1. Which far-off residues, 5 or more places away or on another chain, put their amide H under 5 Å from the one on residue 87, with H placed in the peptide plane?
2. Arrange the following residues from fewest to most other Cβ atoms within 10 Å of their Cβ: 43, 37.
Amino acid sequence: MSHGAHDGRVEVISGVMFSGKSEELLRRVRRATIARKRVQVFKSHLDRRFGPPTRLVSHDGGEIDAVPIRAGREIRHLVNPETDVVGIDEVQFLDDGVVDACQWLANRRVRVIVAGTDMDFRGDPFGPVGELMAIAEVVDKLQAICVQCGGPATRNQRLIDGEPAPPEAPLIHVGGAETYEARCRRCHEVPRPGRHQTELDIAGAVEAWATRSRFW
Ligand SMILES: [Zn+2]
């Protein structure tokens, strides 16, 4: 694909966790640097997976300076007028303001490359990523390998204490034994809404019955 030197556009690198989105973002940013483009990278302040929030670090150990932001609108104030390429990682954690920021940059002939997981653990669109995919010129959906069956993985399996997380669990979990796996559509498990509650209700009823029966 050939792009003119002044083409403003939005590129989305999306897909499941562990599919190499940050590596692909880093690869594109490095190539832009080799082409002597002026590059700035931002990322959500929530991403502290591999290091301090001022670095963008990928699974393969690559890294580059990144500016942590809390909201999409901050980009307009932080971007330098001479910047040619803007990269944004973990974009799913940002608000809808990031869509406006990407449009604003692309309309000013900036090449915008955003990376983020497109679905949350329930399999629903995650934050602004769906809208970004709609307005983008180029979209790449990367796949990982399903840990259950070895097929192409497209879903994020969330586990809390080793069990599939119920749909009512908060989207962004703080603390606790939470893990994620890449899985395919068939192996992806989200307990039906209410099932968890029903199980708790039954457990509660049994306990109440057992307590009462002691006094009989
Ligand atoms: Zn599978």
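Throughout, read-outs are computed from the coordinates displayed, never taken from laboratory work. These numbers come from a predicted model, not from an experiment. Note that we place each Cβ from the backbone using ideal geometry, even for glycine, and neighbour counts take in every protein chain shown.
1. 40, 41, 42, 113
2. The fewest-first ordering by Cβ neighbours comes to 37, 43.
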